[in-house]
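Some notes on the structure that comes next.
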Amino acid sequence: MNRAKQKIAPYLLVLPGGIWLLIFFAVPMIAMLSLSLQEGDIVHGYRFTGHWQTYTEAISAYQTQIYRSLIYGAITTVVLIALAFPVAYFIAFYGGRKKGSYLFLVLLPFFVSFVLRTISWRQILTDEGPLLSPLRDAGVIGQSFHILGTPFAVIGGLVYNFLPFMVLPIYVALERIDPRVVEAARDLYANPATTFRRVIFPLALPGVFAGVLMTFVPASSDFVNSEVLGSSDTTMIGQVIQAQFLDNSDYPTASALSFVLMLVLLIGVFTYARILGTEDVMKVAAR
Amino acid sequence: MSASNMSDPTFLRGLTQRRFGRRDALRLSGLAGMGAALAACGVQGQGTQAPASAEPDAVAKFWNGKVKNGTLNFAGWPLYMDPKRPELKKFTAKTGIKVNYQEVIQEMGPWFAKVQPQLSAGQSIGFDLMVITNSFQFTQFRDSGFLAPLDHAKLPNYAKNAGAAYKKEAFDPGNAYSIPYASGMTGIAYDESKTGPIKGLADLWNNPKLKGKVGMFSDIQELGNFGLLKAGVNPAESTEDDWEKAAEELKKQKADGYVRNYYDQGYIDALGNGEVWATQAWSGDIFQKNLSDNRDFKFIIPEEGGTIWTDNFTIPITAKNPVDAIMAMDFFYEVANASTLAEYINYVCPVPAAQADMRARAAKLSGDDKEALLDVADSKLVYPTQAEYDKLHYYVAFEATSEQQKFQKTFEPIVLG
């Protein structure tokens, strides 16, 4: 009796999460996979034919946009680490009693829709806007210089929109560092640079790891920043998927592209976790 | 602007209300479409008229036993009717039918995708009347059997007041399923102070002043149309070979560095803030932009030709209150109502007599109010003359979905880069 209970217990424990996954992840995934293998059109309906060619056609037609999205996502993530680390470091170690206020400031942009905030960047960066007009009048930039429509604007928008997602996990990691560890480093004659390199940074790595996951994936599949701040030269794969779904009603191609994107990102994330996985991070931290 | 100008109610209304506006309404207004034929103007596409495709007894079958219910759910576009809804209030006062007007349609593709599942399951979409563009989705709606055949016996005002051109449209022969709500043109808008005079499409390809300052539409149909016109082909008669030629033209324009970007409705802001100096544009938008922002953008139909499209009243086949819906359709064809609607939205009015009504109303006004109304009454963008119609072409008429997809695939790479 006892043994039987023991056998079932783990399954029972997994059940709520399992059902949740089944309904909200597996079912839509299977529906999408099936859709990606169907043929037809929206008037006459789509029928399952196991048409795998949709995948090869979609990949060859839109590989540029897939590569571009991954590159934009990667650059965004690197820039984010560079920007977010000092911010998180400052809040964690010098925030003092104002920590709460600083964190609130980091989260404040969430109170306005990110589409609206992105559109306001459009107003700021536009050719005859408050930033470029004075510069052009002063002769600092040429007549045809512009920011909107360039990869710079799109990556800038991505960095801006995803900054809190990098700051918070790094902050949490830094916050958990026992101050006595830092004191011990000092006692052992480590200078501040060494302390940072050998003690603080390794301990913050789990936060960076989480931050990368939380920013690289959505940044690579984003379709708003390029739509609002970019041009036809900065089209990202998210825009292509959206256009195939909504404008063309080409559900199979859109589903196939979504799957390809998901697969590419999953492989990327697993490889990353393998190389810089949490376990290794912990080992580094424990050193 | 002077202080007296600022205090003028008309001017303030223009600033704050986008009085003649309808911005997002036109997003994707043209994703593909069938050529409409204006018999009066001799433009290509007239020859495609076929007998009404509905079965002879379809009308009777649908309308038999249907009665007025006193309720109407009306699906419209943003900024495509005065926000105070004066026409609808008048309609309710006259007929006792309560109208629930919702600005739920913003783009044709997504709208079709949204209601398609309910319609194919034979369920109500919650609306009895919807305004849809003569785009490719119009054909999809019709061919899927989603549109109720109209009982023209219930449309006496339409029969009496609609312009001849709006009674014989190729995308809906015999107006079996639709009657026009408003019509509009696609041409070029430009900032003359920066560009100097512009004549047509050649400027968007070759005028050195415009390098990097040209806006084109991201809408595949609209973009393709301009490529075709530049290649000297009438879109309504174009073949697959022509599409290739047009795509080459558009690729050259892009490679030569003329195109700043491909825009949706955002083109109007891009023009406003100087991102582009000349752009593909929809007629009513420019009039509205000039009025609301006190600007002086020019709108021309290119000498190589422009295009014309129509937004149409239709009744979904599953409508719960079709009689109320068809009463509202006819109501908008009373001259006085067509006149006030056109005054607000500033697109081409399908009721020619509305022009005289506007002038008569303007005569009773004074000052800026009078001027503003006369501007609309005299606008060739609201009441085009033969000279305008001669330069306007209709959309490519796709026979099948595969053709439309081919068109899409031909031009899409230009926009998606």
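The values are calculated or read from the model by the stated rules, or taken from the named source; none is laboratory data. Bear in mind the structure is a predicted one, so any value in this text is a computation, not a measurement. Every residue, glycine as well, gets a Cβ built from its backbone with ideal geometry; the counts of neighbours run over all protein chains shown.
Looking only at residues that are more than 12 Å from every other protein chain (Cβ to nearest Cβ) and not aromatic (F, W, Y) in the range B:215-226, which one is surrounded by the most Cβ atoms within 10 Å (Cβ to Cβ)?
Filtering the range B:215-226 down to residues more than 12 Å from every other protein chain (Cβ to nearest Cβ) leaves B:222, B:224-226.
Within this subset, residues satisfying the condition of being not aromatic (F, W, Y) are B:222, B:224-225.
Numbers: B:E222: 27, B:G224: 28, B:N225: 31.
Only one residue fits best here, namely B:N225.
Counting only helices (runs of 4 or more DSSP H) that sit completely within the range B:325-417, those holding 3 or more residues that are closer than 30 Å to B:N100 by Cα and within 22 Å of the chain's Cα centre (by Cα) correspond to B:335-345, B:354-363, B:367-378. Only residues that are basic (K, R) and within 14 Å of chain A (Cβ to nearest Cβ): list them for the range B:140-183, please. Hit for the range B:140-183 is B:R142, nothing else.
Please verify whether B:P149 is closer than 16 Å to B:T318 by Cβ, without any contact (Cβ under 8 Å) to a residue 60 or more places away in the chain and not polar (S, T, N, Q), treating the condition exactly as stated. No. Among the residues of the range A:46-57, the one identified as within 12 Å of chain B (Cβ to nearest Cβ) and part of a helix (DSSP H, G or I) is A:E57.
Restricting the first member to the range A:190-204 and to residues that are in contact (Cβ under 8 Å) with a residue 24 or more places away in the chain, and the second to residues that are among the hydroxyl-bearing types (S, T, Y), the beta-carbon pairs closer than 9 Å and six or more apart or on different chains are A:I200/A:Y89; A:A204/A:Y89. Restricting the first member to the range A:17-45 and to residues that are without any contact (Cβ under 8 Å) to a residue 60 or more places away in the chain and within 14 Å of chain B (Cβ to nearest Cβ), and the second to residues that are exposed (fewer than 12 other Cβ atoms within 10 Å of the Cβ) and polar (S, T, N, Q), no beta-carbon pair is closer than 6 Å while six or more apart or on different chains. Any residue in the range A:160-177 that is in contact with an Asp or Glu (Cβ under 9 Å, 6 or more places away or on another chain), in contact (Cβ under 8 Å) with a residue 12 or more places away in the chain and not small (G, A, S)? Yes, because at least one residue in the range A:160-177 is in contact with an Asp or Glu (Cβ under 9 Å, 6 or more places away or on another chain), in contact (Cβ under 8 Å) with a residue 12 or more places away in the chain and not small (G, A, S). Checked against (1) closer than 30 Å to B:V115 by Cα; (2) at pLDDT 95 or above; (3) of a type in the set (S, T, N, Q), A:S69 passes all but a single condition, namely (1).
Of the residues making up the range B:105-134, just one is within 14 Å of chain A (Cβ to nearest Cβ), over 21 Å from the mean Cα position of the chain (by Cα) and outside any helix (DSSP H, G or I), namely B:A121. Residues in the range A:80-131 that are within 14 Å of chain B (Cβ to nearest Cβ), in contact (Cβ under 8 Å) with a residue 24 or more places away in the chain and not charged (D, E, K, R): 5 in all. If you check B:Q137 against the conditions, is it within 28 Å of B:A387 (Cα to Cα), at pLDDT below 90, within 14 Å of chain A (Cβ to nearest Cβ) and part of a helix (DSSP H, G or I)? It is false that B:Q137 is within 28 Å of B:A387 (Cα to Cα), at pLDDT below 90, within 14 Å of chain A (Cβ to nearest Cβ) and part of a helix (DSSP H, G or I).
Evaluated against (1) small (G, A, S); (2) outside the structural domain of B:S144 (by TED's automatic domain parsing); (3) touching a Ser or Thr at 6+ places or on another chain (Cβ under 8 Å), B:G272 falls short on exactly one condition, (3).
Before we move on, is A:A88 modelled with pLDDT of 95 or more and not polar (S, T, N, Q)? So A:A88 passes the test.
Tally up the residues in the range A:144-160 that are touching a helix residue (DSSP H, G or I) at 6+ places or on another chain (Cβ under 6 Å) and not in a loop (DSSP other than H, G, I, E, B), please. Matching residues across the range A:144-160 total 7.
Between B:K364, B:K370, B:K409, the distinction of being within 14 Å of another protein chain (Cβ to nearest Cβ), of a type outside the set (A, V, I, L, M) and out of contact with any Ser or Thr (no Cβ under 6 Å at 6 or more places or on another chain) belongs to B:K409 only. If you go through the range B:251-267 and keep only what is away from every other protein chain (no Cβ under 11 Å) and at pLDDT 90 or above, you end up with B:K251, B:K252, B:Q253, B:A255, B:D256, B:Y258, B:Y267.
A quick yes/no check of all residues on (1) buried (at least 22 other Cβ atoms within 10 Å of the Cβ); (2) within 12 Å of chain B (Cβ to nearest Cβ):
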| position | (1), (2) |
| --- | --- |
| A:M214 | no, no |
| A:L229 | yes, yes |
| A:S232 | no, yes |
| A:T235 | yes, yes |
| A:I241 | yes, yes |
| A:V260 | no, no |
| A:L263 | no, no |
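So, B:T307, is that one farther than 30 Å from B:N64 by Cα, buried (at least 21 other Cβ atoms within 10 Å of the Cβ) and either among the β-branched types (V, I, T) or within 16 Å of the chain's Cα centre (by Cα) (or both) or not? Criteria met by B:T307.
Could you identify the single residue in B:I220, B:I198, B:I179 that is on the phi < 0 side of the Ramachandran plot, assigned by TED's automatic domain parsing to the domain that holds B:S339 and of a type in the set (A, V, I, L, M, F, W, C)? On inspection, the qualifying residue turns out to be B:I179. Taking every residue in the range B:375-399 that is under 30 Å from B:R361 (Cβ atoms) and pairing it with any residue that is in a loop (DSSP other than H, G, I, E, B) and of a type in the set (D, E, K, R), at least 6 positions away or on another chain, the pairs with Cβ-Cβ distances below 6 Å are B:E388/B:K380.
A single entry from B:N69, B:N64, B:N73 fulfils the requirement of being touching a residue at least 60 places away in the same chain (Cβ under 8 Å) and either over 28 Å from the mean Cα position of the chain (by Cα) or not assigned by TED's automatic domain parsing to the domain that holds B:I326 (or both): B:N69.
Could you list all residues from the range B:145-180 that are within 28 Å of B:V396 (Cβ to Cβ) and not in a loop (DSSP other than H, G, I, E, B)? B:L147, B:Y158, B:A164, B:A165, B:Y166, B:K167, B:P173, B:G174, B:N175, B:I179, B:P180, listed by residue number.
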